[in-house]
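Data block below; observations after.
The values are calculated or read from the model by the stated rules, or taken from the named source; none is laboratory data. The structure displayed is predicted, hence computed values, not measured ones. No Cβ is skipped: glycine too gets one built from the backbone with ideal geometry, and neighbour counts run over all protein chains shown. Side chains are part of the model used for accessible areas, which takes the heavy atoms of the whole protein and leaves out ligands, DNA and RNA. Shrake-Rupley method; radii C 1.70, N 1.55, O 1.52, S 1.80 Å.
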Amino acid sequence: MAKFQKDNKCLKEIIFLDGDGTLWYPKETEHTVNPHWIYKDKRIGKNFLKHLTIIPSVNKTLHKLKKHGIVLVLLSTHPHSHKKATQILKRKVEYFKLSDFFEEYHATPDDPDAKGNVLVEILKRRHIRKSKALMVGDSYRYDYVSARKVGVEALLLETKYTKYLPRGKRPTSTIKNLREMIDLIL
């Protein structure tokens, strides 16, 4: 369970969410393997959407967060050029009918620091303090560490593949599913 700063009411104004592995994942691996393999599998090619499934609690969780006035931003790392990655992310958001939940979505480069950098840019543009932000994702390096490095609180979604963290590295804030986030922040 997460160690998390919580007072009487919701302390977060904005929540950044990862896409692959956090909101959706490949059906074939059932959330047991890092989801980025799907982009490299020649059998799948451009037909990746039919191989993905949304995590069951996503719609209810996003709906509840949005209802409480929290700004939701999708940040998803992609191993493609920025233009192609943005097109792919847009297709996923539309395919899973998530457009109404997110005020922004951004494909970030395949660099462990990229999400943290984009996150800070968005906070500055929106005039939101880091203490009012939260990053939620399934990747220790790309989601959790990237946010923590720039001073933003983070939750790591536990999966079978997050058990294989670098030796001696353990996140202090984890959740087993997205529904747990609701109890922590609302």
Of the listed residues (Asp110, Asp183), the one being touching a strand residue (DSSP E or B) at 6+ places or on another chain (Cβ under 7 Å), over 12 Å from Ile14 (Cβ atoms) and open to solvent by 10 Å² or more (accessible area, probe 1.4 Å) is Asp110
Considering residues that are under 23 Å from Val152 (Cα atoms), assigned to a loop (DSSP other than H, G, I, E, B) and touching a helix residue (DSSP H, G or I) at 6+ places or on another chain (Cβ under 9 Å), the number found within segment 59-102 is 5
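Name every residue in segment 84-96 that is under 20 Å from His63 (Cβ atoms) and open to solvent by less than 60 Å² (accessible area, probe 1.4 Å), in order of residue number. If you could, list the steps in order and put the result at the bottom.
So the first thing to find is which residues in segment 84-96 are under 20 Å from His63 (Cβ atoms), and the list is 92-96.
Lys92, Val93, Phe96, listed by residue number.
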The residue that is nearest to the chain's Cα centre (by Cα), considering only those in segment 129-143 that are part of a helix (DSSP H, G or I) and within 25 Å of Gly69 (Cβ to Cβ), is Asp143
(Q) Take Arg43 and tell me if it is modelled with pLDDT of 95 or more, open to solvent by 60 Å² or more (accessible area, probe 1.4 Å), farther than 25 Å from Leu184 by Cβ and out of contact with any His (no Cβ under 7 Å at 6 or more places or on another chain). (A) no
When (1) open to solvent by 80 Å² or more (accessible area, probe 1.4 Å); (2) assigned to a helix (DSSP H, G or I); (3) out of contact with any Ser or Thr (no Cβ under 9 Å at 6 or more places or on another chain) are applied to Asn117, the one that fails is (3)
Residue pairs within 6 Å by beta carbon, gap of at least six or interchain, first lying in segment 106-135 and under 10 Å from Ala147 (Cα atoms), second modelled with pLDDT of 95 or more and of a type in the set (Phe, Trp, Tyr), listed first then second, are Leu119/Phe16; Met135/Phe16
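Being small (Gly, Ala, Ser), under 22 Å from Asn34 (Cα atoms), free of Cβ contacts under 8 Å to residues at least 24 places away in the same chain and surrounded by fewer than 21 Cβ atoms within 10 Å (Cβ to Cβ) is true for just one of Ser99, Ser81. Which residue is that?
Numbers: Ser99 fails: under 22 Å from Asn34 (Cα atoms).
Step by step, each of Ser99, Ser81 is checked, and only Ser81 is small (Gly, Ala, Ser), under 22 Å from Asn34 (Cα atoms), free of Cβ contacts under 8 Å to residues at least 24 places away in the same chain and surrounded by fewer than 21 Cβ atoms within 10 Å (Cβ to Cβ).
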